[in-house]
């Protein structure tokens, strides 16, 4: 892959905006189209592009598979943890109204937290699946 200088330069230019756009979609999702799933897919695709251009070994140095697996679990724990916090605060599971004194603020906090958990999980699962297939010996 070292001979494909054009691909490497274009990828170096495109990957940061792709990851930045994923963050935009993540945190703009409660105001408009987007959210955790879409942001996770965009982030995962940007990382997979990096792995395809620069090699799976380099990608695994940037994000070791063990860390990626921890991120899968962390995202699910964030999602489920929001529901548990709602139960502790006296509401129903994933009833965000109880997360703040103002129900609208509680909805905002709950949605951002849940979407963050979904985004982390989706991106990490995409990376895990890619590593599983790309790391196989021929």
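The values are calculated or read from the model by the stated rules, or taken from the named source; none is laboratory data. Every value quoted in this text rests on a predicted model; they were computed, and no experiment measured them. Positions of Cβ are generated from backbone atoms using ideal geometry, with glycine treated the same way; all protein chains shown enter the neighbour counts.
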Within the bounds of the range 2-11, is there any residue that is on the phi < 0 side of the Ramachandran plot and within 17 Å of the chain's Cα centre (by Cα)? no
Enumeration of residues in the range 39-76 that are closer than 10 Å to residue 130 by Cβ and free of Cβ contacts under 8 Å to residues at least 12 places away in the same chain: 52
Just checking, does the range 108-124 include any residue being under 16 Å from the mean Cα position of the chain (by Cα), at pLDDT 95 or above, assigned to a helix (DSSP H, G or I) and over 22 Å from residue 31 (Cα atoms)? yes
Which ranges mark the helices (runs of 4 or more DSSP H) fully within the range 1-91 that have 2 or more residues being at pLDDT 95 or above and surrounded by 14 or more Cβ atoms within 10 Å (Cβ to Cβ)? 5-28, 36-54, 65-88
